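The structure appears right after this line, and notes come after that.
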Amino acid sequence: MTWITDSVAIGDHGLTLPRVGLGTASLGNFLGAISDEQAADTVAGAYRSGVRYFDTAPLYGHGLAERRLAEGLGAHRSDVVISTKVGRLLRADAPRDESQYVDGEPFYTDVPDVGPIWDFSYEGVRTSLAESLERLDVDHVDILNLHDPDEHFDVASTTAYHALRDLRAEGAVKGIGAGMNQTPVLTRLVETCDLDVVLLAGRYTLLDQSSMEELLPACRRRGTSVIAGGVFNSGVLLDPSEGARFDYAPAASGVLEKARAIAEVCDRYDVPLGAAAIQFPLAHPEVGSLLIGARSPEEFQADLDLLAVPIPGDLWRELRSTGLLPDDVPTPEGR
């Protein structure tokens, strides 16, 4: 297994992206608080394991994840690929954003006394980057993504994109893109803008291949690489027991039923469900990199171990023959 050390060329601006990276939402106290020490240990442990790509965002813990990433990397900040995002500024007078709550509870807990305010303006993008650089304690990041522009397509695809394009032309970043967990707007952005990457969360997984219909073909036509995140679909592809989460909320009965059916096939081949889930996205030719989210060094190492589990080709063939995967979906038999 060489995924941890593999890398691919992305775009036309000198960016090389490792095939496996660490996503840092959990380091921002997503769905539960962790200590500064645990967050730093998670980052440092990922680096020691060979990971050289780290993704973050101002939204993650309202700046907390970016600061913790800087602390965990220490002097290695210049040795890695870092991506962050724009579209929200963190301000003390921010109104409550209901999209960041589920069942009345916030996604991020014990965070700094600031909140996100939508801002896809030209100056807003540049201001967001400057503030991220300060929190990350670096003079540049490698990739800058529009973050969740679902309701802001018009300004994101024009004004905000122009700011990203200019930053790339100036050499301030090597790659630009967009990060979302839905495909329609992301597909439109790929078709409208010259993006190097898209960060797709949860829509190309062992459970959900909805991006195959429009987004992945658009990425192929436009030469846009896909970074796959959310490969466990919030945990249901690790343990599809009652109460498991899908898209950050309790999974519906139909989702649980399909995840359990996949798990039963995996059990027949003595393969952990999580191993099939984490290896599946990397087989698609449009997927350049995979982000693993973890909240402790032990959790991250467990995920790396899942990447190394041998999976027989018969398992993938049975998933196809039973209709649990489409006939034309790429799978990792060749690795």
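The values are calculated or read from the model by the stated rules, or taken from the named source; none is laboratory data. All values derive from a computational prediction rather than experimental measurement. Backbone-built Cβ (ideal geometry, glycine too); neighbour counts: all protein chains shown. Calculation scope for accessible area: heavy atoms of the full protein, side chains included, ligands and nucleic acids excluded. Shrake-Rupley method; radii C 1.70, N 1.55, O 1.52, S 1.80 Å.
How tilted is helix 64-73 with respect to the longest principal axis of the chain? Cα atoms for both, answer in degrees (0 to 90, nearest 10). Its long axis makes an angle of about 80 degrees. Using only Cα atoms, locate the centre of the stretch 258-335 and the centre of the stretch 209-242, then give the distance between them in Å, rounded to an integer. Value for the Cα centre distance between the two parts: 13 Å.
Computed per residue of the chain from DSSP H runs no shorter than four, each worth -39500 (n - 2.57), the mean residue ellipticity at 222 nm is -9500 deg cm²/dmol.
Counting only Cβ charges, +1 for Lys and Arg and -1 for Asp and Glu, the dipole size of the stretch 1-126 around its Cα centre is about 420 debye.
Legend: calculated FRET efficiency, D194 to S241, from the Cβ-Cβ distance at R0 = 56 Å, rounded to 0.05, equals 0.80. Mean separation of Cα pairs under 8 Å and 6 or more residues apart, divided by the residue count, gives the stretch 195-335 a relative contact order of 24 percent. With all protein chains kept in place, the per residue accessible area of the stretch 68-218 amounts to 41 square angstrom at a probe of 1.4 angstrom. What a 1.4 Å probe finds exposed on the stretch 1-115 is 46% carbon and sulfur by accessible area, rounded to a whole percent.
If you take the charge dipole of the stretch 102-236 about its Cα centre, with +1 on Lys and Arg Cβ and -1 on Asp and Glu Cβ, which of Y108, G235, G202 is farthest toward its positive end? The one lying farthest along the dipole's positive direction is G202. Panel values: the stretch 5-149, Kirkwood radius from alpha carbon pairs, Stokes-Einstein at 20 °C and 1.002 mPa s, translational diffusion coefficient 137 µm²/s. Volume per residue of the convex hull around the Cα atoms, evaluated for the chain, comes out as 123 Å³. Computed on the stretch 146-240, with alpha-carbon pairs under 8 angstrom and 6+ residues apart, the relative contact order is 24 percent.
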